[in-house]
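Only one structure is covered here, and it is reproduced in the block below.
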Amino acid sequence: MNQIKFNVFVSGVLAMTVNAIAHGGTHWGYSGETGPDNWGKLDPDYAACATGKNQSPIDLANFTEADLEPIAFAYKPGTTEILNNGHTVLINYATGSSITVDGRVFELKQFSFHAPSENTINGKHFPLESHLVHADKEGNLAVVAVMFEMGRNNALLSPLWMKMPDKAGDRNALPKPYDVSAMLPSDRDYYRFDGSLTTPPCSEGVLWFVLKQPAIASKPQIDRFTTVMGHPNNRPVQPVNEREVLK
């Protein structure tokens, strides 16, 4: 992967196109003729959705034990706006926050949500999943995935949810920058695998870090998101093939 063009109106969990601005914005969705089973047929640029061997999401199971170094999180307040692109709710992040893994620095660009979860763990779906999207200087992507269990109110989600647009295509400025660290669980141990974007063009070469400990969100918070979306926005799990899921 080389240059990345981030575009808040391009649909998808990463809300971006890789190596080019999306040409014509070929429509896709989560059901029917434009649903996940047909993504690879909708546009030649989406071919990886059908032919890729390292696609995301997956069911995380049959783990391989590994000595995984901790992810060094260096987040600070940086949320700028929240938008509804019809496929997810997306929060853009200002520059200056990052993770470091294997000596590589990936800057946080944005985070988004899916209900129910896209990845599963030992076959279990969670009611909500967030994807924190990062890119290094060469344009390589890394996603930190956070599962949510239903429980108490999540302190970070509350002010963001108050500004969540109800209509696709709308966006709202956030009154102050929030630190996404407040949304994360205290235990940052993780599973790791090689994957892809979970939406067209389904480009591969994405590093995935799925936190083992779920975060917590209240039922009203989860219901608010699912009501705004109006439909499930999770791609079905894909074959693991020859990949290892490290833990």
Computed about the Cα centre, the charge dipole of segment 63-171 from +1 Lys/Arg and -1 Asp/Glu charges at the Cβ has a magnitude in debye, to the nearest 20, of 460 debye
How large a share of the accessible area of the chain, in percent, is made up of carbon and sulfur atoms when the probe is 1.4 Å and the other protein chains stay in place?
50 percent
Given GluC sites (Glu not before Pro), DSSP loops and at most 14 other Cβ atoms within 10 Å, the longest exposed-site-free stretch of the chain is 139-241
Report the relative contact order of segment 43-157, percent, no decimals, based on alpha-carbon pairs under 8 angstrom and at least 6 residues apart.
19 percent
Could you tell me whether segment 54-127 comes out rounded, prolate or oblate from its Cα gyration tensor? Rule is a ≥ b ≥ c as square roots of the eigenvalues, rounded for a/c under 1.5, then prolate if a/b exceeds b/c, otherwise oblate.
oblate
Selection from G78, G40, L246 lying farthest towards where the dipole of the chain points positive, charges on Cβ:
G78
Per residue accessible area in Å² of the chain, where ligands, DNA and RNA are left out and the probe is 1.4 Å:
43 Å²
Nearest 20 debye, what's the magnitude of the dipole of segment 131-227 about its Cα centre given +1 on Lys and Arg Cβ and -1 on Asp and Glu Cβ?
380 debye
Identify the residues of segment 200-234 with backbone N under 20 Å of a label point that sits 7 angstrom from the Cα of A155 along the Cα-to-Cβ direction, or state none.
213-222
For mean projected area of the Cα convex hull in nm², with candidates [x] 14.9; [y] 12.1; [z] 12.9, the value calculated from the shown model is option [y]
Suppose only helical runs count, i.e. DSSP H with n ≥ 4. What mean residue ellipticity at 222 nm does that imply for the chain under -39500 (n - 2.57) per run, divided by all residues and rounded to the nearest 500 deg cm²/dmol?
-2500 deg cm²/dmol
Just to verify a number: FRET efficiency for D170 and K76, C-beta to C-beta distance, R0 = 22 Å, to 0.05?
0.20
Gained length - T51 relative to H231, 0.36 nm times residue gap less alpha-carbon distance:
62.2 nm
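The values are calculated or read from the model by the stated rules, or taken from the named source; none is laboratory data. The structure presented is a predicted model; accordingly, all values stated were derived computationally and were not measured. Methodologically, a virtual Cβ is constructed for each residue, glycine included, from the backbone with ideal geometry; neighbour enumeration extends over all protein chains shown. Heads up: the accessible areas ignore ligands, DNA and RNA and are worked out on the full protein's heavy atoms, side chains in. Shrake-Rupley method; radii C 1.70, N 1.55, O 1.52, S 1.80 Å.
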